[in-house]
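Trainee: My structure is below; once you've seen it, I'll send some questions.
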Amino acid sequence: MEASKLPCSFAPFPPSTLISRNRTKCHHSLSPGFWNYKDVIVQRLSLIYPSHLPSRNPRMQFIRNSSASVEPLTEDHHIEEKCEEGPTSGNSIRRRFLEFYAAKGHKILPSSSLVPDDPTVLLTIAGMLQFKPIFLGKVPRQVPCATTSQKCIRTNDIENVGRTSRHHTFFEMLGNFSFGDYFKKEAIKWAWELSTIEYGLSAENLWISVYEDDEETYDIWHDEIGVPANRIKKMGEEDNFWTSGSTGPCGPCSEIYYDFHTERGFSNADLNDDTRFIEFYNLVFMQFNKKEDGSLEPLKQKNIDTGMGLERMARILQKVPNNYETDLIFPIIEKAAELASISYALTNDSSRTKLKVIGDHMRAIVYLLSDGVFPSNIGRGYIVRRLIRRAVRTGRLLGIKGDEPGNLEGAFLPIIAQKVIDLSTEIDPDVKTRKTRILEELKREELRFIVTLERGEKLLDEMLDNALEYATLHKTTACLSGKDAFLLYDTYGFPVEITMEEADERGVSVNMSDFDVEMENQRRQSQAAHNTVKLTVENGSDLTQNVPDTEFIGYDTLYSNAVIKGILLGGKPVIEVPEGSEVEVLLDRTPFYAESGGQIGDRGLIKVNGGKTGITAVVEISDVQKSLGNIFVHKGTIKEGSVAVGGEVVAEVDAKLRQRAKVHHTATHLLQAALKKVIGQETSQAGSLVAFERLRFDFNFHRQLLDHELMKVEDLINEWIGDATPLQTEVMRIADAKKAGAIAMFGEKYGEEVRVVNVPGVSMELCGGTHVSNTSEIRGFKIISEQGISSGVRRIEAVAGDAFIEYVSDRDNYMKQLCSTLKVKAEEVPMRVSSLLEELRMTKNEVSAARAKTAVYKASVIAKNAFHVGSSTKIRVLVEFMDDTDADSLKTAAEHLLDVLEDPAAIILGSSPGEEKVSLVAAFSPTVVTMGMQAGKFIGPIAKMCGGGGGGRPNFAQAGGRKPESLSSALEKARTDIVKVLSEKAS
C-alpha cells in the first residue's frame with residue numbers, strides 16, 4: 001500500500017485549536033512492504049486474536065497511596081469482566097481502560113454530548129472539555145479524579161480523511177483526569193502499566209517524548225520506570241509544552257509512541273517519522289499559569305489531563321495497517337463495499353480511500369444526529385450536512401446508486417448507518433433508542449441532496465459550456481473560475497478532482513489558485529466558528545473566586561433577606577455605585593430564578609435595608625444570569641440611592657411575572673407530552689424558550705404538522721389542564737430518574753442528583769425550572785404558530801395562563817372590527833372574504849389580459865424594426881426596449897413576435913416595469929437553436945449587467961434585474977453579441 005504524503009495531527013489535539021501543543025505532526029501509512037493487502041487482509045477481517053499480542057501478565061489492580069480513595073464501580077457504570085469480542089476488540093480496549101483507572105480510584109463518568117455545554121466551542125473536540133470549568137477553578141471538583149471515553153468530532157482537516165492512516169472526523173478519546181489530586185509520578189506510572197501490562201505492549205516498542213526543560217518528568221521515565229535514555233526524546237516548547245492560549249493554564253507534556261520498526265535501531269530516530277512511529281498517549285501536566293508578561297507562576301491546583309486515541313490503540317493491538325481496518329470502523333466499510341459490489345481487499349487504492357471516507361463519515365453523522373444535530377446551512381447543522389453530502393457523493397463515485405431492495409426508497413446511507421447503530425451499544429447506548437429518527441433524517445437529507453447533486457451536474461455542464469463559449473467569443477483559453485469550482489465543491493458536493501477531470505475532458509482548465517483562496521477563506525471561517533477550546537482565566541476571576549455560590553431559595557419563596565457579596569459596573573468589580581447606574585449585583589442568597597433550561601430570568605426589585613432609616617436604595621432587576629459555576633448575576637438599574645458591597649437587602653421577585661413563567665414552563669412539559677402522543681414517541685425536544693408573554697418549543701420532526709394534529713395537541717393539553725392534576729417534584733439520583741422514565745432536556749448538563757418534575761400520568765422530566773403546583777393554574781393553552789426553522793426541526797409558539805386570556809381577548813376584538821368593516825356576522829366572515837378574493841382574482845385577470853393586449857399591440861408596432869443577419873441564412877433579429885411592460889406581458893410580446901417574424905428569428909426584449917426593476921426576454925426560433933444558440937445562456941450575462949440573472953430553455957428564457965439605468969447599455973451589448981454570433985453561424 002502506497003504511503004500517503006498528506007500531513008496529519010494527533011486526533012484529539014488538532015493544531016488549529018488552543019488546546020494543541022501548537023504543532024503539526026505527519027502521520028503516514030506504514031511502509032509499502034509492511035503489509036501485503038491481497039495475501040493478508042482477508043485474515044485481518046476478524047481483526048482480533050489473542051495470539052497476535054505479546055504475552056500478557058495477569059492484570060495487576062492495586063490501590064495507590066494518594067488522597068483519592070478507591071471507589072467501587074456503581075451500577076450506572078458497571079463494566080463487564082468478560083469481553084465477548086476478545087481482549088483486543090475496540091469495546092474491550094475501551095472497557096479495560098476505564099476499568100484500569102477505576103481500580104486506581106477514578107470515577108467513571110459518561111461521555112458528554114457532541115454538543116458541548118460551552119458557548120466558545122462549536123462541537124466537542126477533546127476529552128477534557130466537560131472538565132474545563134474545574135480546570136479554570138470556576139466549579140468545585142465533584143471527585144478528585146475521573147476517567148472517560150469521550151465522543152469527539154473534528155472537521156478542520158476533513159480533506160485528509162481516508163488518505164492518511166489515522167485522520168478521522170469522529171473519534172473516541174480515552175482519558176484519565178486529576179483535579180488537584182495525583183500528579184506526574186502517578187500519571188506516568190499508570191500510563192506505563194496500562195500500556196505494557198494491561199494492553200501487553202512490548203517495552204521495546206515504546207518511545208517517550210518529554211519537554212526539554214522538564215527534568216522531573218525525564219527522571220521519572222528513566223530512573224523509576226526504567227525507559228532507556230536512547231528511547232526518551234527531549235523536545236522543544238513547540239512540540240511538548242501545552243498552552244491554552246497567550247495566557248492561562250499551561251504545562252509540559254509527555255507522549256508515548258509505538259515503534260513499528262524496532263529493527264531500524266536508535267540512530268537518528270525521529271518521532272515525527274510516521275512510517276515508523278505513532279503517538280497514542282498524551283500526558284499533559286497542567287502546573288503553571290501563564291501571565292500577560294509571559295512569565296509562569298505555579299498553579300495552586302495542579303491537574304492531569306490525558307488522552308489516548310482509542311482508534312490508534314486498536315490499530316496497534318489488532319495489528320492492522322491503519323485505523324480504518326480495526327473492528328471499530330471496518331464493519332462499516334465492509335457494508336459500503338457490499339453495496340458497491342467491490343472487495344476492499346482487491347480493489348484499487350482510490351476505491352479503498354473512498355470506502356474509508358464513508359466508514360469515517362458515517363460514524364460522525366450517526367452520532368451527531370443522535371445528539372440532536374440536524375442538517376442545516378449554519379453552525380453545527382452545516383457540519384453534519386456537509387458530511388452527509390460528502391458521503392453521498394463518495395458513494396455514488398463508487399457506483400452505489402441506492403436502488404437496491406430494502407434501501408428506504410432510494411437512499412443508501414440508512415443501510416450503512418444501521419451498521420454504525422449496531423456497533424454503538426458501548427459507545428453510546430442512546431443511539432439505538434433514537435434509531436428511527438436517525439434513519440428517517442438520513443433518508444430525507446440524502447434524497448434531498450440527490451436532487452441537488454443532479455442540479456450540480458447540470459450546472460457543471462452549463463459552466464463548462466459557458467467557459468467554452470466565452471473562450472470562442474474572446475479567442476482565449478477556456479477556463480473555469482475558482483469561485484465556480486468552489487461553488488460546485490461546497491454546495492453540490494463535487495470533489496474538485498472530479499470537476500478538474502470533467503473539465504479536462506471538455507478541454508477546459510480550472511483556476512485552482514482562486515479555488516484555493518476560496519477554500520482557505522472557508523477554512524478560516526470554520527476554525528473561527530468555535531472550533532477551539534478556550535481555556536483562559538477571564539476578567540473578574542478574582543472576584544468570582546472570592547464570591548461563594550448563590551443559594552437559590554426561589555422554589556419556596558419570592559421574598560428574602562440577603563447580603564450583597566459583589567457589584568460589577570461595566571463588567572469590573574466596584575465597591576459602591578451611585579443612582580442611575582446599570583449594575584450587576586451578586587447576593588449570598590436569592591429568590592430570583594437565573595435564566596437556564598430555556599426559562600428566562602426573573603424580574604423584580606432589590607431594596608437596600610437601611611435599618612431604622614428604612615429603604616435607602618432600590619435596584620430594578622431586569623434579568624438574572626448564571627456565571628460559570630453557580631453564582632447568580634442580578635442585572636438592573638439603580639433607581640434610588642446608592643448600593644455598596646456588604647449591604648443588607650431585601651430581594652423581591654415580581655410575583656405576576658414569575659407566575660406567567662411558571663405557567664408557560666409547565667405548559668411546555670405538557671406540550672412535549674402531547675406531541676409524543678399525537679405524532680410519535682420519536683419526536684424530541686431541540687430547544688425551548690419560557691418567557692412571560694409566550695412559550696417556544698423546538699422539536700425534531702420531518703414535516704409540517706397538519707391542522708387536525710395541532711387541534712389534537714391543543715385539545716389534549718387543555719384536557720390535562722382541566723383535570724386539575726397536582727404536580728410532584730422530587731430530587732433523586734439521575735440513574736433512578738432515568739429508570740423511572742424521566743425525560744432529559746437536550747443540551748442540558750445534569751449532576752449526580754437531579755430535580756424531577758412530574759405531572760402524574762402525563763409527563764415526567766428532569767427540570768430545574770419553576771412550575772405551577774396544579775395544572776388548573778394554567779387556565780388555557782393556545783398554539784399561535786407552527787413552522788420549520790431548519791431541516792428536521794419544527795417550532796411551536798404558544799400562550800397559556802394570562803397570556804392565553806390576552807391573546808383570545810385581542811383576537812376577539814380583531815374579529816369584531818372585521819365584522820364591522822365587512823358588515824357581516826362572525827360566522828359569515830369566511831364566506832365574505834372568499835367572495836372578495838374571487839372578485840379580486842377576476843379583476844386581476846382582466847387587468848392582465850388588458851396588459852397583454854397592449855403588449856401585443858406594441859410588439860406589432862416595433863416588428864418593423866427587425867433587421868437581417870447572415871449571408872447564407874437570413875435571420876431576422878429584433879432587440880428592443882418596451883417601456884414599463886411587466887414580465888408576463890413581455891413574454892406574451894416575445895411569443896407574438898416569433899409568430900410575426902417567422903423562423904429563423906431571434907428576439908431580445910427589455911423593459912422597466914417599476915422602480916429598481918428590469919425584465920428581459922430572449923426568444924429564439926427552431927433554426928436559431930439548431931445553430932447552437934441557447935436563449936438561457938445568452939440572456940444570463942446580459943441580466944448581470946442589470947444587477948440580476950436568469951435563464952431558461954434553449955428557445956426561450958426570462959431574466960430580471962434591479963438596475964434600470966443599465967438596461968440601455970445591456971440591450972446594446974445584447975444587440976452587438978447576437979449580431980456577431982449569428983453572423984458567423986449564418987455565413
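The values are calculated or read from the model by the stated rules, or taken from the named source; none is laboratory data. Everything numeric in this text was worked out from a predicted model, so none of it was measured. Positions of Cβ are backbone-derived with ideal geometry, glycine not excepted, and every protein chain shown enters the neighbour counts. Ligands, DNA and RNA are excluded from the accessible area calculation, which covers all protein heavy atoms including side chains. Shrake-Rupley method; radii C 1.70, N 1.55, O 1.52, S 1.80 Å.
Trainee: Are there chymotrypsin sites (Phe, Trp or Tyr not before Pro) in the stretch 249-327 that DSSP puts in a loop and that have at most 12 other Cβ atoms within 10 Å, and which ones?
Mentor: Working: sites: Tyr257, Tyr258, Phe260, Phe266, Phe277, Phe280, Tyr281, Phe285, Phe288, Tyr324; in loops: Phe260, Phe266.
Those that pass, being in a loop and sparsely packed, are Phe266.
Trainee: Return the tail of the calculated pair distribution for the stretch 595-733, meaning the percent of Cα-Cα pairs more than 25 Å apart.
Mentor: Numbers: 4382 of 9591 pairs.
Taking all Cα-Cα pairs of the stretch 595-733, the fraction more than 25 Å apart is 46 percent.
Trainee: Going by amide H atoms built from the backbone, whose H comes under 5 Å of the H on Val879, apart from near neighbours?
Mentor: Amide H to amide H, under 5 Å and 5 or more residues apart or across chains, Val879 pairs with Ile908.
Trainee: Follow-up. Restricting everything to alpha-carbon atoms, can you work out Rg to Rh for the stretch 701-770 with a Kirkwood hydrodynamic radius?
Mentor: Working: Rg = 14.7 Å, Rh = 13.9 Å.
When Rh is taken as the Kirkwood radius, the ratio is 1.06.
Trainee: In whole percent, and with a 1.4 Å probe on the protein chains, what portion of the accessible area of the chain is carbon and sulfur? Intermediate results must be reported in sequence, preceding the final value.
Mentor: Details: 21290 of 43010 Å².
Result for the chain: 50 percent of the exposed heavy-atom area is carbon or sulfur.
Trainee: Can you give the calculated 222 nm mean residue ellipticity of the chain, where each DSSP H run of n ≥ 4 adds -39,500 (n - 2.57) and the sum is split over every residue, rounded to the nearest 500 deg cm²/dmol?
Mentor: Numbers: 26 runs with 355 residues, N = 987.
The per-residue figure over the chain is -11500 deg cm²/dmol.
Trainee: Using only alpha carbon pairs under 8 Å that are at least six residues apart, calculate the relative contact order of the stretch 847-987 and give it in whole percent. Before the final figure, lay out each step's value.
Mentor: Details: 313 pairs, mean separation 31.8, N = 141.
That works out to 23 percent.
Trainee: With point charges of +1 on the Cβ of Lys and Arg and -1 on the Cβ of Asp and Glu, referenced to the Cα centre of the chain, which listed residue (Cys145, Ser860, Val650) lies farthest in the positive direction of the dipole?
Mentor: Toward the positive end, the furthest listed residue is Ser860.
Trainee: Further question: Kindly report the accessible area of the stretch 93-184 per residue (heavy atoms of protein chains, probe 1.4 Å, no ligands, DNA or RNA), in Å².
Mentor: Working: 1880 Å² over 92 residues.
Dividing the accessible area of the stretch 93-184 by its residue count gives 20 Å².
Trainee: Could you please state, rounded to a whole Å, how far the C-alpha centre of the stretch 168-246 is from the C-alpha centre of the stretch 278-295?
Mentor: Cα centres, the stretch 168-246 to the stretch 278-295: 13 Å.
Trainee: Could you quote the convex hull projected area for the stretch 833-987, Cα atoms only and averaged over all directions, in nm²?
Mentor: Values: hull surface 37.7 nm².
Seen from a random direction, the Cα hull of the stretch 833-987 projects 9.4 nm² on average.
Trainee: Can you give the charge dipole size of the stretch 780-828 about its Cα centre, rounded to the nearest 20 debye, using +1 on the beta carbon of Lys and Arg and -1 on the beta carbon of Asp and Glu? Please report the intermediate quantities before stating the final value.
Mentor: Working: 7 positive and 8 negative charges, 30 e Å.
In debye, rounded to 20, the stretch 780-828 gives about 140.
Trainee: A follow-up question, please. Assuming 0.36 nm per residue, please report the length gained on full extension of the stretch Leu822 to Glu454 beyond their Cα-Cα distance. The partial results should precede the final answer.
Mentor: On the way: separation 368, 0.36 × 368 = 132.48 nm, distance 5.07 nm.
Length gained between Leu822 and Glu454: 127.4 nm.
Trainee: Using the crude model of +1 on Lys and Arg Cβ and -1 on Asp and Glu Cβ, and no other charge, please compute the dipole size for the stretch 276-330 relative to its Cα centre, in debye to 20.
Mentor: On the way: 8 positive and 8 negative charges, 34 e Å.
The dipole of the stretch 276-330 has a size of about 160 debye.
Trainee: Now a separate question. Could you list the trypsin sites (Lys or Arg not before Pro) in the stretch 865-895 that lie in coil according to DSSP, counting only those with at most 14 other Cβ atoms within 10 Å of their Cβ? Don't jump to the answer; show the numbers that get you there.
Mentor: On the way: sites: Lys874, Arg876, Lys891; in loops: Lys874.
In loop regions of the stretch 865-895 (DSSP not H, G, I, E or B), the sparsely surrounded trypsin sites (Lys or Arg not before Pro) are Lys874.
Trainee: Could you pull out the pairs from Lys151/Lys443; Lys937/Lys980; Lys233/Lys290; Lys844/Lys944; Lys435/Lys677 whose alpha carbons sit more than 21 Å apart here? Mind dumping the intermediate values first?
Mentor: Values: Lys151/Lys443 24 Å; Lys937/Lys980 16 Å; Lys233/Lys290 25 Å; Lys844/Lys944 31 Å; Lys435/Lys677 19 Å.
Violating the 21 Å Cα-Cα cut-off are Lys151/Lys443; Lys233/Lys290; Lys844/Lys944.
Trainee: Here is a further query. For the chain, what relative contact order do you get, as a whole percent, if you take Cα pairs closer than 8 Å and at least 6 residues apart? Mind showing how you got there, number by number?
Mentor: Details: 1964 pairs, mean separation 72.7, N = 987.
Once divided by the residue count of the chain, the mean separation gives 7 percent.
Trainee: Could you compute the FRET efficiency for Asn774 and Val517, with r as their C-beta to C-beta distance and R0 at 41 Å, rounded to 0.05?
Mentor: So, using R0 = 41 Å, E works out to roughly 0.05.
Trainee: Can I ask one more? Counting only GluC sites (Glu not before Pro) that sit in a DSSP loop (anything but H, G, I, E, B) with at most 11 other Cβ atoms within 10 Å, what is the longest stretch of the chain containing none of them?
Mentor: In the chain, the maximal stretch lacking such sites is 410-901.
Trainee: Right, next: Give me the accessible area per residue for the stretch 699-816, probe 1.4 Å, as a whole number in Å². Could the numbers behind the result be given before it?
Mentor: Numbers: 5900 Å² over 118 residues.
With all protein chains present, the stretch 699-816 gives 50 Å² per residue.
Trainee: With a cut-off of at most 11 other beta carbons within 10 Å, and DSSP calling the residue loop, which trypsin sites (Lys or Arg not before Pro) in the stretch 433-522 qualify? Please list them.
Mentor: Numbers: sites: Arg434, Lys435, Arg437, Lys443, Arg444, Arg448, Arg455, Lys458, Lys475, Lys483, Arg506; in loops: Arg434, Lys475, Arg506.
Those that pass, being in a loop and sparsely packed, are Lys475.
Trainee: Only four residue types carry charge here, +1 at the Cβ of Lys and Arg and -1 at the Cβ of Asp and Glu. Report the dipole size of the chain about the Cα centre in Debye, rounded to the nearest 20. Can you show the working numbers first?
Mentor: Working: 118 positive and 138 negative charges, 263 e Å.
Charge dipole, the chain, about its Cα centre: 1260 debye, nearest 20.
Trainee: Jot down the radius of gyration and Dmax of the stretch 142-283, Cα atoms only, both in angstrom.
Mentor: 16.0, 47
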